[in-house]
Amino acid sequence: MTIGVLALQGDVREHRSAFGDLGVTTRAVRGPGDLAGLGGIVLPGGESTTLSMLLESSGLFEPLADALAGGLAVFGTCAGLVLLSREVRGGRADQRSFGMLDCVVLRNGYGRQSESFETELAAPKVSAELGVDDTPMAAVFIRAPVIESVGPAVEVLASLVREEEEPQPVVCRQGNALASAFHPELTADRRLHRLFVSMAAA
Ligand code: GLN
């Protein structure tokens, strides 16, 4: 099975190397011709506004939207989560999204670059599905979107728990879409990439 990594902008190399750790072959996706035969595709972190424009200019937006609607497994991280969400707040008026994840997200909701942070999460559902112990999951947030609300079809797989605040979903799944607000490709923890590979293989 080959996993595609959208390679228009953003954390492409890091995602490819994360799948490499798992022995999974990847392909850089730059145009519609690169979609053929993929088992799944990653929409990496970067800038969702820029990615949206490049998806249009590369001619990828419509064929990728069709492939996702047809059930192609997709893993959106950070900006990739924004690209999957039904409603994007704080975006550009002309910014497009695939809208397949019933979430409302606020772009840069955790603040600017200087407010980027690293924390540890509990992810018992992810660990249980993989059959591994639930050790803390390191999570790097860089100008990350806040998931403000999720619809009933969305399964929340991990949340950020902070003192005196409601837990905020940060890993979600709905059908063939997995998404995280943080950057799993920037840490050594491969649980989310493994979970995605199992979704893509299913
Ligand atoms: N703030 C970016 C956006 O909305 C996402 C940042 C990231 O992917 N690290 O597109």
Strands (runs of 3 or more DSSP E) completely within segment 65-121 that count 1 or more residues being among the hydroxyl-bearing types (Ser, Thr, Tyr), buried (at least 20 other Cβ atoms within 10 Å of the Cβ) and modelled with pLDDT of 95 or more: 73-77, 85-89
Given the conditions (1) touching a strand residue (DSSP E or B) at 6+ places or on another chain (Cβ under 7 Å); (2) assigned to a loop (DSSP other than H, G, I, E, B), which single one is not true for ARG27? (2)
Selection status of ALA153, touching a residue at least 40 places away in the same chain (Cβ under 8 Å), assigned to a loop (DSSP other than H, G, I, E, B), touching a His at 6+ places or on another chain (Cβ under 9 Å) and farther than 24 Å from GLY23 by Cβ: no
Extreme residue, nearest to the ligand (Cβ to nearest atom), among residues of segment 25-83 that are more than 22 Å from MET1 (Cβ to Cβ) and among the acidic types (Asp, Glu): GLU47
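Could you tell me whether any residue of segment 124-136 is open to solvent by 50 Å² or more (accessible area, probe 1.4 Å), more than 13 Å from the ligand (Cβ to nearest atom), under 27 Å from THR49 (Cβ atoms) and over 13 Å from the mean Cα position of the chain (by Cα)?
Taking segment 124-136 first, the residues open to solvent by 50 Å² or more (accessible area, probe 1.4 Å) are 124-125, 128-129, 131-136.
Now restrict to residues that are more than 13 Å from the ligand (Cβ to nearest atom): 124-125, 128-129, 131-136.
When the remaining residues are screened for being under 27 Å from THR49 (Cβ atoms), the result is none.
No, that holds for no residue.
Assess whether GLY80 counts as being within 17 Å of ALA179 (Cα to Cα), in contact with a Pro (Cβ under 9 Å, 6 or more places away or on another chain) and touching a residue at least 40 places away in the same chain (Cβ under 8 Å).
Yes; evaluated as a whole, the condition is true for this residue.
The values are calculated or read from the model by the stated rules, or taken from the named source; none is laboratory data. Please read all numbers here as calculations on a predicted model, not as lab measurements. Cβ: placed from backbone, ideal geometry, glycine included. Neighbour counts: every protein chain shown. For the accessible areas, the whole protein counts, side chains as well, though only heavy atoms, and no ligand, DNA or RNA atoms are used. Shrake-Rupley method; radii C 1.70, N 1.55, O 1.52, S 1.80 Å.
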